1. Give me a count of the residues in the range 240-292 that are among the hydroxyl-bearing types (Ser, Thr, Tyr), at pLDDT 95 or above, more than 11 Å from ligand 1 (Cβ to nearest atom) and in contact with an Asp or Glu (Cβ under 9 Å, 6 or more places away or on another chain).
2. Applying the selection to the range 43-65, what residues are crowded, with 19+ Cβ neighbours inside 10 Å, in a helix (DSSP H, G or I) and of a type in the set (A, V, I, L, M, F, W, C)?
3. What's the number of the condition Ala330 fails, among (1) in contact (Cβ under 8 Å) with a residue 40 or more places away in the chain; (2) in a loop (DSSP other than H, G, I, E, B); (3) closer than 17 Å to Tyr265 by Cα?
4. Scan the range 122-143 and report the pairs whose first residue is more than 19 Å from Ile222 (Cα to Cα) and whose second residue is of a type in the set (Asp, Glu) and surrounded by 24 or more Cβ atoms within 10 Å (Cβ to Cβ), with Cβ atoms within less than 9 Å and a gap of 6+ or a chain change.
5. What is the one condition in (1) surrounded by fewer than 24 Cβ atoms within 10 Å (Cβ to Cβ); (2) within 10 Å of ligand 1 (Cβ to nearest atom) that Glu156 does not satisfy?
6. For the range 254-266, which residues satisfy the criterion of being part of a helix (DSSP H, G or I), buried (at least 24 other Cβ atoms within 10 Å of the Cβ) and touching a helix residue (DSSP H, G or I) at 6+ places or on another chain (Cβ under 6 Å)?
7. Check Ala103, Ala107, Ala93, Ala83 and return the single one that is closer than 21 Å to Ser164 by Cβ, in contact (Cβ under 8 Å) with a residue 40 or more places away in the chain, away from ligand 1 (no atom under 14 Å from the Cβ) and buried (at least 23 other Cβ atoms within 10 Å of the Cβ).
8. Pick from Ala219, Ala239, Ala192, Ala284: which is within 15 Å of ligand 2 (Cβ to nearest atom), in contact (Cβ under 8 Å) with a residue 60 or more places away in the chain and not in a loop (DSSP other than H, G, I, E, B)?
Amino acid sequence: MDRLHYHLPTEVFAGPGCVREKASAWCLGRKALIVTGAMSAQRSGALEDVRVALMTQNVPYAHFDGVGENPDVEQVYAGVAVAEQEGADFIVAVGGGSPMDAAKSIAWVVGAKIPRARFFTDKPQRDDCVLPIIAVPLTCGTGSEVTPYSIITNHEIRSKANISGPGFFPRVALLDARYLESLPKHVLCDTALDALSHAIEGVYSPKCDALAEAMGLEAIRILVPEMVRLAHDNFVNLAEVQYASMLAGMVIAQTGTGLVHAMGYPLTYYRHLPHGRANGILLAGYLDFMNAPCPQLTERILGAMAFKDSCDLQGLVDTLLDVAGCDRAAPSEEELVQFMREPLRLEVVRRYRAMPSPEEVMDIYRTGF
Ligand code: NAP
Ligand code: FE
């Protein structure tokens, strides 16, 4: 067997009712800070389950509901203020990627006492005392419940920064697919596209080994038929999508993401496209680009999708974006030049299997719109 490395310190429980049933396994401190967005935690029913679980364990809690989409550092420090004022010693993140990622940064800033001015320059260290994080995902895309990444908008670079560290893996992830029933359809489309891009970028990553590839291809095999059903308004098995999203998260926890995410961040920053949608738009062009250096991997990815070529993938993405009501006005040449600069600057893109030229990056953007 070739070289292999797999690290996942997150204990995963999945199934209906797991938040209440497993309360004794995840109440990891004396006082919890529950971190959520404005509405999803209530709407999904997850917040009530978390509260009941904490009460049954006699653990008091405070609630910070100030996380918006694509959270920035101000939201992180607003949460830090509540955590410190309340004396919370563990964090329960209940939400999509935005609340889960903000919660990770809050846990680090509180634990390692990181001043605001050093937030984007300090790197989380192995011995930083990051507060324990429990993750209850309410979307099915980011896989943040099983990754060591916290993606925070950095207005200074007009993009997103990936803060990551060993303590950012949640200690426990609790997956109950009933919470996905309240997801608006467009968020379901967007987040499924995010999960698919994690799986595809993970398989193409130079860090992908046999285990990560097996998990990535399995995630693709599960996701694509569910996404086809979603595109045609048929019944979608949310538990399957949630499982595949977690698998894809386990893959990028080992491999990291790549060109698609790097190119998606400017689309989110400048075009305000939701994260998964921004990735989805780029997927077919990315597959074409990667086909030259990695034809066998492309064949295996297409095989897992049961697609003949990247046009089939583009067709699925197009239908999902229509369902999500996506505005796809083509970017101007000036915008393309602006978008292209950020990904080419990133180390992760330079270390990839094939370093794209500025023209190739712009072509991938053009293919998507
Ligand atoms: P999100 O930004 O967390 O949520 C999107 C919207 O959906 C929000 O309005 C949210 O409402 C709503 N929503 C979420 N769950 C819902 C539910 N069950 N019922 C009803 N409404 C619900 O979306 P996301 O795509 O999961 O997260 C995107 C973020 O994750 C981006 O910042 C991205 O960069 C990051 N990301 C992180 C990783 C990682 O490994 N850490 C990987 C990929 C992406 P509320 O505002 O009320 O919550
Ligand atoms: Fe993502």
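The values are calculated or read from the model by the stated rules, or taken from the named source; none is laboratory data. Since the structure is predicted, the reported quantities are computational estimates derived from the model, not experimental observations. Because the Cβ atoms are built from the backbone with ideal geometry, glycine has one as well, and the counts that use them run over all protein chains shown.
1. Selection size over the range 240-292: 2.
2. Ala46, Leu47, Val50, Ala53, Leu54
3. (1)
4. Matching pairs, first to second residue: Ala135/Glu145; Val136/Glu145; Val136/Asp176.
5. Every condition holds for Glu156 apart from (2).
6. Those that are part of a helix (DSSP H, G or I), buried (at least 24 other Cβ atoms within 10 Å of the Cβ) and touching a helix residue (DSSP H, G or I) at 6+ places or on another chain (Cβ under 6 Å): Leu259, Val260, Ala262, Met263, Gly264, Pro266.
7. On the way: Ala103 fails: away from ligand 1 (no atom under 14 Å from the Cβ); Ala107 fails: away from ligand 1 (no atom under 14 Å from the Cβ); Ala93 fails: away from ligand 1 (no atom under 14 Å from the Cβ).
Criteria check complete, one pass: Ala83.
8. Ala192
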